[in-house]
Amino acid sequence: QKEVEQDPGPLSVPEGAIVSLNCTYSNSAFQYFMWYRQYSRKGPELLMYTYSSGNKEDGRFTAQVDKSSKYISLFIRDSQPSDSATYLCATIAAGNKLTFGGGTRVLVKP
Amino acid sequence: EPEVTQTPSHQVTQMGQEVILRCVPISNHLYFYWYRQILGQKVEFLVSFYNNEISEKSEIFDDQFSVERPDGSNFTLKIRSTKLEDSAMYFCASRRDSQETQYFGPGTRLLVL
């Protein structure tokens, strides 16, 4: 079983729609959860970082963690064409390496 | 806003040659990482570095790879004898002592011919 799984997409939405992204993980030792955005041939850019189960909001972005079901979500409200990118979820056990999902490609059409 | 920088942005080399990829982490960060991403695949962990020594490495990080912090600002990844399968984007990342968030550089695209 892969440690972190994401649907590769592409997920295509019209401008202004809500983008809903999901990730599952298998290792209960994972304690911290991140969402990164990656534009084509660029480095991952940190969007959201959460520790506990529940919601965390930052502007148009909301991250949700459900540790009981090992499920992580990212919602993007009022999506813009500039949100078109690959979104990577990542998890970490205390102190060390990030384990990434494969990424979901998102296309926001004007 | 401080950021991680990497040089070169692109590197083309012949199989068997040595390459050195350079990174300047964010200045007050203490933990340093290298990751790689083969085209179309996941970002994979290579190595972590703290207090002038390797703290963890993956199975990818074999004897052909080494890391060094030669001075107070640079962090380098050396591949001694490159193979075709080393072609990938290589990302440097760093984090502060007090948080888990890692910040990534823009990457070096390595092409081994």
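The values are calculated or read from the model by the stated rules, or taken from the named source; none is laboratory data. Since this is a predicted model, take the numbers as computed values, not measurements. For neighbour counting, all protein chains shown are included, and Cβ atoms are generated from backbone atoms with ideal geometry for every residue, glycine included. Note: accessible area is taken over every heavy atom of the protein model, side chains too, but ligands, DNA and RNA are not part of it. Shrake-Rupley method; radii C 1.70, N 1.55, O 1.52, S 1.80 Å.
Label zone (B:VAL24, point 7 Å along Cα-to-C-beta; backbone nitrogen cut-off 19 Å) within region A:27-70: A:43.
Using amide H atoms built 1.01 Å from N in the peptide plane, name the residues 5+ places from A:ASP7, or on other chains, whose amide H lies under 5 Å from its own. Result for A:ASP7 returns A:ASN22. Using protein chains only (no ligands, no nucleic acids) and a 1.4 Å probe, work out which residues of region B:55-104 have their accessible area cut by at least 50 Å² relative to the chain alone. Residues meeting the cut-off: B:GLU56, B:GLU100, B:THR101, B:GLN102, B:PHE104. Of the GluC sites (Glu not before Pro) in region B:11-59, the ones in a loop by DSSP (not H, G, I, E or B) with at most 14 other beta carbons within 10 Å are B:GLU18, B:GLU59. Of A:LYS42/B:LYS42; A:LYS42/A:LYS70; A:LYS42/B:LYS83, which pairs sit farther than 18 Å apart, going by alpha carbon to alpha carbon? Those over the limit are A:LYS42/A:LYS70; A:LYS42/B:LYS83.
For the pair B:THR5 and A:ALA29, label points projected 7 Å from Cα toward Cβ lie 3.7 nm apart.
Computed from backbone phi with θ = phi - 60° and the Karplus coefficients 6.51, -1.76 and 1.60, the 3J(HN,Hα) list for region B:32-40 is 10, 9, 10, 10, 9, 9, 6, 3, x Hz; x is used for glycine and proline.
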